[in-house]
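Heads up: the structure comes next, in C-alpha cells.
Every read-out reported here was derived from the displayed coordinates using simple, explicitly stated rules and does not represent laboratory data. Because the structure is predicted, anything quoted here is derived from the model rather than measured. Counting neighbours? That spans all protein chains shown, and the Cβs are built from the backbone with ideal geometry, glycine included.
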Amino acid sequence: MKLQELYADAIKRGYSIGAFNFVNLESLTAILDGAQNLNTPVIVAVSESAFKYMGAEFLKGLIEGARKTYTIPFFVHLDHGKSLEICKKAIDCNFDSVMIDASSLPFEENVKLTKSVVDYAKQFDVQVEGELGRLKGVEDTVSSNEHLFTDPSEALTFVKQTNVDSLAIAIGTSHGVNKFLKDAKIRIDILQEIEKTIPNTPLVLHGASSVPQKIKSELVKFGADLKNAQGVPENILTEVSTKHHIVKINVDSDIRMTTTLAVRKYLTENPSDIDVRKYLSQAKKDITKLIEHKIKDVFKTKPVKY
Ligand code: G3H
Ligand code: 13P
Ligand code: ZN
C-alpha cells in the first residue's frame, strides 16, 4: 500500500493516521506494536535532531529490522526537514516520506525550497509534505514565537506551484506541552476554507499532543515541573480526523511524557533496581497503550487489508 492511497482512503472514509515520533529502538517498537495489535497503518517519524541522535547507519538498521518484523503497512517519515540535504539523507536511509519545513521563510522561498525537494523525491517515489503557516511555541529547532495561520488562498498557490503530496497547516496548535494559556482554540473555520480551496490535498496537523491530564498529574506527583502544560482536547482531534481532510496527526510530546513518567515511577518504586531493560520495558508498554488509544479512540484509524 502506498502512502498516497492511504491518505486518499483516510479522506474518503473519515479517519486520520497517527504520525508518532521515535528516538530509539524502544520508542520505534512500542509504536509499531500498538499499530500491529490493532492491524492499522501508522507513520513513524524522525525529527532532524532525532536523525542526528541515532545516526544514519543505525537508523537505517532500525528501519530494516522493523520492516522484517512487522506486517502492518507502516511508513517512515522525516519530520520538519529544514533543507534539501537532510531530505536527501533521509531518502538514502530508505524513508517513504519527507517533510520539508520551509514555513519560516518568505512565501516565494518556501515555494522554491519545497519544489526542489519535490523534484528530487519524485525520482525515488518518496512523498513530500510541505508546510504553510507557522505554529507558535518553542521546541528545539522547531520554533516560532506567534501564530501565523495558514492563508487558504496562499495554500492553493503553494500546492499548485510546488506539487507537494500533502500540506501541514497552522490552525492554532503548537509544539510542546504548553499549547494554550486558557481554553484550547482551534480554527476549524480556517480548516474548512482550506479544504474548499484545495479539496484534493491531504492535510496534516502538527502539535497535536493532548497532554493527558492523568499523565500530567502523575508526572507532577513523581517530581516533574509541568504546571502550565495543556494540550489539544481529544474531541477536537476526532472531529478533524473524521469530518475534515486532516489525514496525518503528529504526536511527540505525549510519548515523551509517557516515557518520562514510566521511568520516574519505576525508579521511585523500585529504588534498588538498576536494570535499564526493566524501566525501558515499562516505558515501552505504556507507549504502546497510548498509541493504541490514539489510533482506535481518537484518530479512528481503520484497519486495512494488505
Ligand atoms: O515537531 C517537533 C518534534 O517534537 C521534534 O522535536 O527536534 O526535539 O526531536 P525534536
Ligand atoms: P507535539 O509537541 O504536540 O507532540 O507535536 C509533535 C509534532 O508536531 C511533530 O512534528
Ligand atoms: Zn511538528
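Do any trypsin sites (Lys or Arg not before Pro) in the stretch 1-49 lie in a loop, going by DSSP, with at most 16 other beta-carbon atoms within 10 Å of their beta carbon, and if so which? Present the calculation step by step, with values, prior to reporting the outcome.
Details: sites: Lys2, Lys12, Arg13; in loops: Lys2.
Passing both the DSSP loop test and the Cβ count: Lys2.
Is it possible to state the helix-based mean residue ellipticity at 222 nm for the chain, with each DSSP H run of 4+ residues giving -39500 (n - 2.57), the sum divided by total residues, to the nearest 500 deg cm²/dmol? What is it? Provide the component values of the computation, followed by the final result.
Details: 12 runs with 146 residues, N = 306.
It lands at -15000 deg cm²/dmol.
Sequence-distant or interchain residues sharing an amide H contact under 5 Å with Ala168, placed H: which?
Residues meeting the criterion, in which the H sits 1.01 Å from N, are Gly130, Glu131, Leu132, Val204.
Run the dipole for the chain about the Cα centre, Lys and Arg Cβ at +1, Asp and Glu Cβ at -1, nothing else charged, and hand back the magnitude in debye, nearest 20. It would help to have the intermediate numbers written out before the result.
Numbers: 40 positive and 40 negative charges, 149 e Å.
My answer is approximately 720 debye.
Which listed residue (Gln192, Ser174, Gln213) has the Cα farthest towards the positive end of the charge dipole for the stretch 150-215, taking +1 on Lys and Arg C-beta and -1 on Asp and Glu C-beta about the Cα centre?
Farthest along the dipole direction, towards plus: Gln213.
Can you tell me how the stretch 1-106 classifies by the Cα gyration tensor, rounded, prolate or oblate, using a/c under 1.5 as the rounded cut? Numbers along the way, then the final one.
Working: a/c = 1.94, a/b = 1.16, b/c = 1.67.
Verdict is oblate for the stretch 1-106.
Quick one: what are the phi-derived ³J(HN,Hα) couplings along the stretch 207-219, Karplus 6.51/-1.76/1.60 with θ = phi - 60°, whole Hz, x for glycine and proline?
x, 10, 5, 9, 6, x, 4, 5, 5, 4, 5, 5, 4
By a straight-distance test (C-alpha under 21 Å), which lysines pair with Lys227 as possible cross-link partners, with residues fewer than eight away in the same chain excluded?
Lys136, Lys179, Lys182, Lys185, Lys214, Lys216, Lys265
Note down the magnitude of the dipole of the stretch 1-85 about its Cα centre, charges +1 on Lys and Arg C-beta and -1 on Asp and Glu C-beta and zero elsewhere, to the nearest 20 debye. Write down the numbers at each step before the final one.
Numbers: 8 positive and 9 negative charges, 42 e Å.
So the dipole magnitude of the stretch 1-85 works out to roughly 200 debye.
Given the Cα-Cα distance of Asn37 and Glu109 and 0.36 nm per residue of separation, how much length would full extension add, in nm? Please list the in-between numbers first.
Details: separation 72, 0.36 × 72 = 25.92 nm, distance 4.27 nm.
Fully extending the segment from Asn37 to Glu109 adds 21.7 nm.
For the residues Ile169, Ile190, what sequence is obtained by ranking on other C-beta atoms within 10 Å, fewest first?
Values: Ile169 28, Ile190 19.
Ordered from fewest to most neighbouring Cβ atoms within 10 Å, Ile169, Ile190 come out as Ile190, Ile169.
For the stretch 63-140, what does the relative contact order come out to in percent, with C-alpha contacts under 8 Å and a separation of six or more? Intermediate values should be presented prior to the final figure.
Details: 99 pairs, mean separation 21.5, N = 78.
Normalised by residue count, the contact order of the stretch 63-140 is 28 percent.
Under a Cβ-only charge scheme (Lys and Arg +1, Asp and Glu -1), can you give me the dipole magnitude of the stretch 222-306 about the Cα centre, in debye to the nearest 20?
Values: 16 positive and 11 negative charges, 80 e Å.
Dipole size: approximately 380 debye.
Sketch the reach of a paramagnetic label on Asp225 as a point 7 Å from Cα along Cα-to-Cβ, and name the residues of the stretch 165-200 whose backbone nitrogen lies under 16 Å away.
177-178
Taking every pair of alpha-carbon atoms in the chain, what share in percent sits in each 20 Å bin, from 0 to the bin with the longest distance?
Pairs per bin, as whole percents: 35, 60, 6, 0.
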